[in-house]
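One structure below.
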């Protein structure tokens, strides 16, 4: 991967690796037009002990600065590891300005975040989530010492071959856990689709043209497009969100960040002078949509029939909208079939203890009783 | 004018320091630190201290009434700035989760400090040192227990951003200020810039802190000529302070500190042996300050000044704190090892040992200036009475009403932008 990253990766204050994606990445993921590459996901090899550790970390609130929220607070298992709010909550004292995406199948992706700002690996995504001031606002050095104070973590890190608890180890274990979150039993994968869904698949590949962007086993080409989704004004009308947005836009190098009235999306990657890349967002996966409403980067579309209606009218207004976004002239029945197909891409809920850490966390930190006699 | 006064006191102290530090260091069998003036062990030689029955006027700046605080030329005071600084001091939005302000930890009710041995921390943490009062910090030339920052302007960001204090991030705190119209107005008035900036927030905080001074203690009044301001007992205590008890060696001048660094024998904080949260922060502090692997693994106490220069002869040394306002700032010492001034006096009387005979973890660097004092009970009471003269009225301040957020754009503006997409 690193070899084809052609552009300037840089770190923010808290070690958030930001990558401006260049042509290299685009070439590395050739856009599949044919559509015959859609199919079940590859099976990932998982280190069980590490994944188990990652599971405990994912739901542990002690991974946030004030120990109030965990990854699971925003990425909720019962909502397909996404969030039912249009715009995500944030670290206490803040709110987020985007929709929290599902992390199911995230290990199958090569580009993450709605604006595609991370193109390296889930280790970097995890670091970004933990340290970003409006997400978990955690000084990872404190996190490491918290983990070392928990004897179960000491054991789990050791069993996972990660030595003593460390932030590097945590950033290996969480991605390993994310590898265990895969679509399971989706009718599409199991060959169990209804007639309506099968018809929907034909439309998806044909008349509706969805496959142009939503292709591959993840139903995404990993590329940014402008589909003309309306702005969610709450980003600007709620100062708790706007402050996070300003902090983000400032950090991403948007010059007039105080005056910005729309989400720049993937513009932050190349900052095209003519602004033609403003409002492009990375094509999301279409798996697990059954659980992850509302939709789009800002949750502006509440239901799947509404998403399909959106595409049927050629998307909403934007002068830089992708040329493929044009009225589709789908009948009511065709729209229903398309929705049926989209739903057939969702599997069983991943809400049992196989995927969710269900044991209680200690309420207080243990005391290292012989503190004077043991190395720190 | 006032800043000149301050400077002259400092010059005096450092001259004395420069003249004497080498011989002190030699007496300790320790190398002097690189900057002999000010940074290292200073004070009269042990030989002098031995013949020290009388007040050492010749060598040591005497106790003096407190003048006006020095004002740095690049951050002049103004009413607008001070008032803004006050709001910011009480505003929890200058911190990570918007729940902790400077005033939360530096609580006016608790002497602008926090009355636990180790300070409360950012939510989910505890600090690792005792909280210091804000009162009279305007006069220090180095702040924090280990004197690690040189100015209030430089101190504020480390307070607002440190992981166990404010845990805030610049961009986000600045963005918050910009969405509070009252702040936009006040920053503009105070600094003449269109938007609040985080650097100007630090300046405003520093300006406000420079107003938190106390210059009318009984001691100030006495030194200005009102002989009735001290009781007879306090006058006896003053003589002990300047003589037999030798406090004046370090607690001298108008601020009652020479701002030098010593290891006086304060033992390790018991809290680290019994509190898991405190053990976490202890390790974090070493990790964050870039300790070597070996130090991080083995250290079991606060190395103080050593953090800053990595000179082994500076282990366990701390900046001499002012004794002003201590009537309201218990507990005392860097991790609040002592809850009362009686205990402090007993500690000095024993030559730097607590009740159980514990002393510093770094006996090699302990100053020879601290030795058994053999004070009688009456002398201890007199000294205690005199220590009270460093404190005047309690400085109280009600939490101001904080200005609210307001959306920056109207719905109509957003709709217009949408339509123009």
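The values are calculated or read from the model by the stated rules, or taken from the named source; none is laboratory data. It should be emphasised that the depicted structure is a prediction, and the values quoted were computed from it without experimental measurement. All Cβ positions, glycine included, derive from the backbone under ideal geometry; neighbour counts span all protein chains shown.
Quick rundown of the values:
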{"item": "Residue, farthest from the other protein chains (Cβ to nearest Cβ), within the range B:93-110, restricted to residues that are free of Cβ contacts under 8 Å to residues at least 60 places away in the same chain and assigned to a loop (DSSP other than H, G, I, E, B)", "result": "B:106"}
{"item": "Helices (runs of 4 or more DSSP H) (entirely within the range B:135-210) containing at least 2 residues that are more than 13 Å from chain A (Cβ to nearest Cβ) and over 21 Å from residue B:408 (Cβ atoms)", "result": "B:152-161, B:198-209"}
{"item": "Among residues of the range A:136-146, those that are more than 9 Å from chain B (Cβ to nearest Cβ) and surrounded by fewer than 24 Cβ atoms within 10 Å (Cβ to Cβ), counted", "result": "1"}
{"item": "Hits in the range B:69-92 - residues which are within 14 Å of chain A (Cβ to nearest Cβ) and either surrounded by fewer than 23 Cβ atoms within 10 Å (Cβ to Cβ) or not in a loop (DSSP other than H, G, I, E, B) (or both)", "result": "B:92"}
{"item": "In the range B:204-231, the residues that are more than 14 Å from residue B:64 (Cα to Cα) and within 18 Å of the chain's Cα centre (by Cα)", "result": "B:205, B:206, B:207, B:208, B:209, B:210, B:211, B:212, B:213"}
{"item": "Unmet criterion (only one of (1) free of Cβ contacts under 8 Å to residues at least 60 places away in the same chain; (2) in the same structural domain as residue B:89 (by TED's automatic domain parsing)) for residue B:187", "result": "(1)"}
{"item": "Which numbered condition residue B:364 fails, given (1) assigned to a loop (DSSP other than H, G, I, E, B); (2) away from every other protein chain (no Cβ under 14 Å); (3) surrounded by fewer than 15 Cβ atoms within 10 Å (Cβ to Cβ)", "result": "(1)"}
{"item": "Odd one out for residue A:156 among (1) more than 30 Å from residue B:174 (Cα to Cα); (2) assigned to a loop (DSSP other than H, G, I, E, B); (3) more than 14 Å from chain B (Cβ to nearest Cβ)", "result": "(2)"}
{"item": "In the range A:209-250, residue nearest to residue A:297 (Cα to Cα) [restricted to those that are in contact with a strand residue (DSSP E or B) (Cβ under 8 Å, 6 or more places away or on another chain) and at the interface with chain B (Cβ under 9 Å from one of its Cβ atoms)]", "result": "A:244"}
{"item": "Some residue of the range B:111-120 being more than 14 Å from chain A (Cβ to nearest Cβ), outside any loop (DSSP other than H, G, I, E, B), closer than 28 Å to residue B:197 by Cα and over 15 Å from the mean Cα position of the chain (by Cα)", "result": "no"}
{"item": "3 or more residues away from every other protein chain (no Cβ under 14 Å) and surrounded by fewer than 19 Cβ atoms within 10 Å (Cβ to Cβ): qualifying helices (runs of 4 or more DSSP H) within the range A:267-376", "result": "A:304-312, A:332-343"}
{"item": "All positions within the range B:225-260 that are over 20 Å from residue B:351 (Cβ atoms) and part of a helix (DSSP H, G or I)", "result": "B:227, B:228, B:229, B:232, B:233, B:234, B:235, B:236, B:238, B:239"}
{"item": "Of all residues in the range A:191-233 being more than 27 Å from residue A:329 (Cα to Cα) and over 25 Å from the mean Cα position of the chain (by Cα), the one that is surrounded by the most Cβ atoms within 10 Å (Cβ to Cβ)", "result": "A:192"}
{"item": "Whichever residue in the range A:251-263 is more than 7 Å from chain B (Cβ to nearest Cβ) and touching a strand residue (DSSP E or B) at 6+ places or on another chain (Cβ under 9 Å) and, among such residues, is surrounded by the most Cβ atoms within 10 Å (Cβ to Cβ)", "result": "A:263"}
{"item": "Check on residue B:384, assigned to a loop (DSSP other than H, G, I, E, B), in contact with a helix residue (DSSP H, G or I) (Cβ under 9 Å, 6 or more places away or on another chain) and buried (at least 17 other Cβ atoms within 10 Å of the Cβ)", "result": "no"}
{"item": "Unique residue being within 14 Å of another protein chain (Cβ to nearest Cβ), surrounded by fewer than 19 Cβ atoms within 10 Å (Cβ to Cβ) and touching a helix residue (DSSP H, G or I) at 6+ places or on another chain (Cβ under 8 Å) when the list is B:229, B:288", "result": "B:288"}
{"item": "Residue within the range B:390-402 that is assigned to a loop (DSSP other than H, G, I, E, B) and within 30 Å of residue A:235 (Cβ to Cβ) present", "result": "yes"}
{"item": "Unique residue being more than 14 Å from every other protein chain (Cβ to nearest Cβ), under 19 Å from residue A:123 (Cα atoms) and in contact with a helix residue (DSSP H, G or I) (Cβ under 9 Å, 6 or more places away or on another chain) when the list is A:41, A:53", "result": "A:53"}
{"item": "Considering residues of the range A:234-266 that are in a loop (DSSP other than H, G, I, E, B) and within 18 Å of the chain's Cα centre (by Cα) only, the residue farthest from residue B:407 (Cα to Cα)", "result": "A:266"}
{"item": "Residue among A:66, A:85 that is assigned to a loop (DSSP other than H, G, I, E, B) and either touching a strand residue (DSSP E or B) at 6+ places or on another chain (Cβ under 6 Å) or within 17 Å of residue A:131 (Cα to Cα) (or both)", "result": "A:66"}
{"item": "Unique match (being in contact with a helix residue (DSSP H, G or I) (Cβ under 9 Å, 6 or more places away or on another chain) and either within 14 Å of chain B (Cβ to nearest Cβ) or within 22 Å of residue A:219 (Cα to Cα) (or both)) among A:60, A:66", "result": "A:60"}
{"item": "Residues within the range B:338-355 that are more than 17 Å from residue B:377 (Cα to Cα) and surrounded by fewer than 16 Cβ atoms within 10 Å (Cβ to Cβ), tallied", "result": "1"}
